[in-house]
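Just below is one structure, and these are the notes that go with it.
The values are calculated or read from the model by the stated rules, or taken from the named source; none is laboratory data. What you see is a predicted model, and the numbers here were worked out from it, not measured in a lab. Ideal geometry is used to build each Cβ from the backbone, glycine not excepted, and the neighbour counts take in all protein chains shown. Side chains are part of the model used for accessible areas, which takes the heavy atoms of the whole protein and leaves out ligands, DNA and RNA. Shrake-Rupley method; radii C 1.70, N 1.55, O 1.52, S 1.80 Å.
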Amino acid sequence: MAAVKARLASGNPHKLEELRAALPGWAIELLETDRGYPPEAGADYYENARGKAAFGRHSADPDEWVLGEDSGIEAAALGGAPGTASARWADDGVARLLEELEGVAERGARYVCELVALGPDGEERRGTGILEGAIGLERRGDEGFGYDPVFVPLGEQRTVAELGNDWKRANSHRTRAAAALRAALS
């Protein structure tokens, strides 16, 4: 069987790497565009991911699938913030998150990812992935990206940045969303 050709409507090479590992049999490349991506102004992760995929559908080759992805971290003590605004919440989101939670005992949090795939014929499939955990008290580790230096997955003592990229490729919210997408496509 030939690989599924797809474009990821994102400029983030870290997300591309994770999705390549999570979607075996898919030949995924970043969508090249000189128009920039639409603003993430949706009410939720799905709307943002679908908006990116729909945008990319106009630029991708007719035989390619287009993947739109939106993800974020939600801190329980902050009412789910930063949520869909995670990437633009602050110049240094990790520092702000630690500052907002200073002295707060409730440190529960979760990573959420929504992945939307639009097929060559307009078919839409989606997958959602969640990784439960907590926010640590300080930055630890040097792998991963984003909030990984402070996110401790449920059942672990180390942050995602300490657990490493191999652990993340196998267990992340993005990997879980890709598994749900594969199930939706089968």
(message) At 1.4 Å probe radius, can you tell me the per residue accessible area of the chain in Å²?
(response) 48
(request) At most 13 other Cβ atoms within 10 Å and a DSSP loop assignment: could you name the GluC sites (Glu not before Pro) in segment 66-152 that fit? (result) E102, E106, E123, E138
(message) With unit charges on the beta carbons (Lys and Arg positive, Asp and Glu negative) and the dipole taken about the Cα centre of segment 92-180, which residue among V94, V150, T128 sits farthest to the positive side?
(response) T128
(message) Run the Debye formula on the Cα coordinates of segment 110-186, all scatterers equal and no solvent, and tell me log10 I(q)/I(0) at q = 0.15, 0.20, 0.23 1/Å.
(response) -0.54, -0.79, -0.94
(message) With every protein chain left in place and a probe of 1.4 Å, what is the accessible surface of L16, to the nearest 10 Å²?
(response) 20
(request) List the equivalent ellipsoid semi-axes of segment 65-125 in whole Å, largest first, each obtained as the square root of 5λ for an eigenvalue λ of the Cα gyration tensor. (result) 32, 12, 6
(message) Can you compute the equivalent ellipsoid semi-axes for segment 145-186, i.e. the square root of 5 times each eigenvalue of the Cα gyration tensor, sorted largest first and rounded to whole Å?
(response) 23, 9, 8
(request) Might you report the magnitude of the Cβ-based charge dipole of segment 1-92 about its Cα centre, with Lys and Arg at +1 and Asp and Glu at -1, to the nearest 20 debye? (result) 200
(message) Could you tell me the extents of segment 1-98's C-alpha atoms along the three principal axes, largest first, rounded to whole Å?
(response) 47, 27, 21
(request) Could I have the simple spin-label model distance between A179 and E32, label points 7 Å from Cα toward Cβ, reported in nm to one decimal? (result) 3.5
(request) May I ask for the net charge around A21, where only other residues with Cβ less than 13 Å from the Cβ of A21 are counted and Lys, Arg are +1 while Asp, Glu are -1? (result) +4
(message) Based on alpha-carbon centroids, what's the gap between segment 1-66 and segment 114-138 in Å, whole number please?
(response) 12
(message) Please list F55, F151 from largest to smallest accessible area, probe radius 1.4 Å, with all protein chains kept in place.
(response) F55, F151
(message) If I model the chain as equal point scatterers sitting on the Cα atoms and use the Debye formula, what is log10 I(q)/I(0) at q = 0.14 Å⁻¹?
(response) -0.75
(request) Could you please state how large a percent of the accessible area of the chain is carbon and sulfur, counting protein chains only and using a 1.4 Å probe? (result) 48
(request) For A87 and A3, compute 0.36 nm times the residue count separating them, minus their Cα-Cα distance, and round to one decimal in nm. (result) 27.1 nm
